[in-house]
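Enquirer: The structure under discussion is supplied below as structure tokens; questions concerning it will follow.
The values are calculated or read from the model by the stated rules, or taken from the named source; none is laboratory data. Keep in mind it's a predicted model, so treat the numbers as computed, not measured. When we count neighbours, we look across all protein chains shown, and the Cβ atoms used for this are built from the backbone with ideal geometry, even at glycine. Protein only, heavy atoms only, side chains kept; ligands, DNA and RNA dropped before computing areas. Shrake-Rupley method; radii C 1.70, N 1.55, O 1.52, S 1.80 Å.
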Amino acid sequence: MNNFQFCVPTDIRFGKGQISCLPEELAKFGNKVLLVYGGGSIKRNGIYDTVRELLTEFTLYELPGIEPNPKLTSVREGAAMCRQHDIDVILAVGGGSCIDASKHIACSAYYDGDPWDLVKDRSKLTKALPIAVVLTICATGSEMNSGAVITNEETNEKLEINAPILYPALSVCDPTYLYTLPARQTASGTVDIMSHVMEQYFQKNDGAYLTDRLSESVLKTCIHYAPIAMEKPDDYEARSNLMWASTIALNHLLTVGKGGAWSCHPIEHELSAYYDITHGVGLAIITPAWMHAVLSEQTEERFAMFARNVWNITEPDNRTAAEMGIERTEAFFRSLHMPETLKEVGIGSEKFEEMAAEAVRTSGIAARAYVPLDQESIVRIFESCAG
Ligand code: NZQ
Ligand code: ZN
């Protein structure tokens with residue numbers, strides 16, 4: 001097991017009605033709140049009204065319209081609002097897109113230049129406004145981690161900033177807020193949760209036994225509860241277990257004692273940067289293709305462990321068990337009605353080379369991934385799921 005530091009300062013308030021803590025908690029930061037939200041789901045399901053009613057004593061400024069795959073232009077707008085109105089705290093009400101935009105706004109508010117500079121040079125990330133979250137979709141884990149992924153629509157780059165100052169101070173996670181999620185968002189969120197676990201599970205370090213067993217439990221939770229939540233959107237048990245799974249999948253707990261660069265995420269981020277597809281949908285297409293590409297004599301033991309412990313496969317031969325585990329993963333994504341090919345989401349081969357080069361340039365995939373992948377290997381992965 002590798003050495004590690006584990007320090008997650010986010011105050012999680014989990015369960016029905018926990019939103020009532022907002023006035024008391026936000027008051028600790030001040031009175032002026034920037035309310036950041038998306039395209040309108042919170043107005044349709046009533047969460048917006050609840051927030052406004054709870055915060056009547058506060059001065060609220062609103063930044064609506066945060067896009068899925070949030071854009072740099074929204075961050076610029078939010079940072080300007082924070083400076084203009086001398087905002088005390090940012091309240092993100094939504095999913096990963098709103099939270100990530102809020103995180104980037106929170107540190108850009110203290111930076112005089114363009115927010116994209118903070119992506120290019122992380123040493124400029126020195127200070128951030130406090131961030132509070134009301135989570136309405138479970139997928140990214142952004143509610144309890146220090147990362148934020150933003151798309152620069154001028155350059156087709158979708159890149160992350162990450163620093164301890166970006167942990168939300170507070171995250172309200174009420175599973176009943178997930179009841180209005182469309183089945184497709186439930187499914188793509190589940191794939192994202194599972195991908196986060198798998199990115200950390202498929203690493204070279206074999207000594208982090210406890211971390212691996214926790215990871216397998218989170219995967220089994222997703223496999224058990226996602227179909228139930230899709231079938232019965234207001235199943236509290238399913239929604240609550242998925243919601244907590246998403247948080248612990250990417251709050252650094254499952255990377256404890258391990259380490260290395262991720263594989264499917266840098267590849268998928270190119271797809272959503274260039275084609276603006278849903279992150280979880282891209283992962284559902286890329287993950288099985290990646291698994292087939294990296295299965296080898298060196299990796300078959302860990303893939304067989306994944307097959308046996310996650311998918312209950314009893315096959316004694318490692319290679320056969322590993323292949324069966326990959327097939328079960330593919331079949332599960334199919335059962336969630338996720339697309340299986342790039343063609344199905346309107347992506348042709350024109351930019352395969354360019355996207356593969358960018359994935360290599362902007363991540364550690366070629367040097368530190370479970371199986372290091374160069375540009376040509378990534379192009380082959382794209383080709384294998386082109387359709
Ligand atoms: O915009 P509105 O109208 O609110 O609708 C949203 C959006 O269209 C809708 N939605 C959210 N809650 C709902 C709801 N619809 C009905 N009822 C509800 N309760 O769902 C759609 C997707 O929302 P979004 O926030 O985009 O989803 P998600 O949480 O999956 O976030 C995706 C973004 O996060 C990034 C992704 O790349 C993508 O940009 N990621 C962030 C990470 C992080 N910060 O740690 C890690 C991830 O790997 C990921 O890269
Ligand atoms: Zn993800």
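Enquirer: Summing Lys, Arg as +1 and Asp, Glu as -1, what charge do residues with Cβ under 13 Å from the Cβ of residue 186 carry, residue 186 excluded?
Expert: -1
Enquirer: Also, I was wondering about something else. Given a Förster radius of 30 Å and the C-beta distance between residue 276 and residue 44 as r, what FRET efficiency does 1/(1 + (r/R0)^6) yield to the nearest 0.05?
Expert: Step by step, r from the Cβ atoms, then E = 0.85.
Enquirer: Which percent of Cα pairs goes in each bin when the distances of segment 162-222 are cut into 5 angstrom slices starting at zero?
Expert: 4, 14, 16, 17, 21, 19, 7, 2, 0
Enquirer: Check residue 172: other-chain or 5+ apart residues with amide H under 5 Å from its amide H, H built from backbone geometry?
Expert: 13, 133, 134, 135
Enquirer: Determine the calculated [θ] at 222 nm for the chain from helices alone, applying -39500 (n - 2.57) to every DSSP H run no shorter than 4 residues and normalising by the residue count; nearest 500 deg cm²/dmol.
Expert: Roughly -15000 deg cm²/dmol at 222 nm, from the helical runs in the chain.
Enquirer: How would segment 308-387 be classified by its alpha-carbon gyration tensor: rounded, prolate or oblate, with rounded meaning a/c under 1.5 and the a/b versus b/c comparison settling the rest?
Expert: Note, shape of segment 308-387 comes out oblate.
Enquirer: Give me, ordered by chain and number, the residues 5 or more places off residue 38 or on other chains with an amide H under 5 Å from its own placed amide H.
Expert: The answer is 65, 66.
Enquirer: May I ask you to rank 137, 90 by accessible area, largest first, using a 1.4 Å probe over the protein chains only?
Expert: 137, 90
Enquirer: Given a 1.4 Å probe and heavy atoms of the protein chains only, how would you sort 126, 155, largest accessible area at the top?
Expert: Correct descending sequence by accessible area is 126, 155.
Enquirer: I'd like the accessible area for residue 124, computed on protein heavy atoms only with a 1.4 Å probe and all protein chains in place. Round to 10 Å², please.
Expert: Probe radius 1.4 Å; accessible area of residue 124 about 80 Å².
Enquirer: Still on this structure, I have one more. Beyond 23 Å, what percent of the Cα pairs of segment 1-104 remain?
Expert: The proportion of pairs with Cα distances above 23 Å equals 31 percent.
Enquirer: OK, next. If I ignore ligands, DNA and RNA and count only protein heavy atoms, how much of residue 13 is accessible to a 1.4 Å probe, in Å² to the nearest 10?
Expert: My reading of the accessible area for residue 13 is about 60 Å².
Enquirer: Related question: Does segment 207-288 come out rounded, prolate or oblate by the C-alpha gyration tensor, with a ≥ b ≥ c the root eigenvalues, rounded set by a/c under 1.5 and, if not, prolate when a/b is larger than b/c and oblate if not?
Expert: Taking the square roots of the gyration eigenvalues as a ≥ b ≥ c, segment 207-288 is oblate.
Enquirer: Counting only DSSP beta bridges with both residues in the chain, what percent are antiparallel, rounded to the nearest 5?
Expert: Around 20 percent of the beta bridges assigned by DSSP in the chain are antiparallel ones.
Enquirer: Ordering 1, 324 by accessible area with a probe of 1.4 Å, largest first, what comes out?
Expert: 1, 324
Enquirer: With a/c under 1.5 counting as rounded, go ahead and sort segment 247-329 into rounded, prolate or oblate using the C-alpha gyration tensor (a ≥ b ≥ c being the square roots of the eigenvalues; past the cut-off, prolate if a/b is larger than b/c, else oblate).
Expert: prolate
Enquirer: Any chance you could run the full-extension gain for residue 368 through residue 16? It's 0.36 nm times the residue separation minus the Cα-Cα distance, nm to one decimal.
Expert: Once the chain is fully extended between residue 368 and residue 16, it gains 122.6 nm.
Enquirer: Taking a temperature of 25 °C and a viscosity of 0.890 mPa s, what whole-number D in µm²/s does Stokes-Einstein yield for segment 117-209 with Rh from Kirkwood over alpha carbon pairs?
Expert: Stokes-Einstein gives a translational diffusion coefficient of 157 µm²/s.
Enquirer: Quote the convex hull volume per residue of segment 347-386, based on C-alpha atoms, as a whole number of Å³.
Expert: Convex hull volume per residue, Cα atoms: 60 Å³.
Enquirer: Along the charge dipole of the chain, pointing to its positive end and built from +1/-1 on Cβ of Lys, Arg, Asp and Glu, which listed residue (373, 304, 12) has its Cα farthest out?
Expert: Of the candidates, 12 comes out farthest on the positive side.
Enquirer: For the chain, take the longest principal axis of its alpha carbons; what is the angle in degrees between that and the long axis of helix 72-85, to the nearest 10 within 0 to 90?
Expert: Approximately 30 degrees, to the nearest ten.
Enquirer: Using the alpha carbon gyration tensor of segment 193-232, what are the three equivalent-ellipsoid semi-axes (square root of 5 times each eigenvalue), largest first, in whole Å?
Expert: 25, 10, 4
Enquirer: Around residue 255, what is the net charge, scoring Lys/Arg as +1 and Asp/Glu as -1 over all other residues with Cβ under 12 Å from its Cβ?
Expert: -1
Enquirer: Still on this structure, I have one more. How large is log10 of I(q)/I(0) for segment 164-269 at q = 0.13, 0.17 Å⁻¹ when the intensity is taken from the Debye formula with one equal scatterer per alpha-carbon?
Expert: Log10 of I(q)/I(0), two decimals: -0.51, -0.83.
Enquirer: Can you tell me which of 374-385, 43-54, 235-246, 191-202 comes out highest on packing, and rank the rest after it, using the mean Cβ neighbours within 10 Å?
Expert: Ranking, from highest mean packing down: 191-202, 235-246, 374-385, 43-54.
Enquirer: Here's a follow-up. What net charge is computed for the residues neighbouring residue 238, neighbours being all others with C-beta under 11 Å from the C-beta of residue 238, Lys and Arg scored +1, Asp and Glu -1?
Expert: Once positives and negatives cancel, what remains is -2.
Enquirer: If I fit a long axis through the Cα atoms of helix 96-108 and take the longest principal axis of the Cα atoms of the chain, what angle between them do I get, 0 to 90°, rounded to 10?
Expert: On a 0 to 90 degree scale, this one is about 60.
Enquirer: Then there's this: Divide, for the chain, the radius of gyration over alpha carbons by 2.2 N^0.38 Å, where N is the residue count.
Expert: Its radius of gyration relative to the 2.2 N^0.38 Å reference: 0.96.
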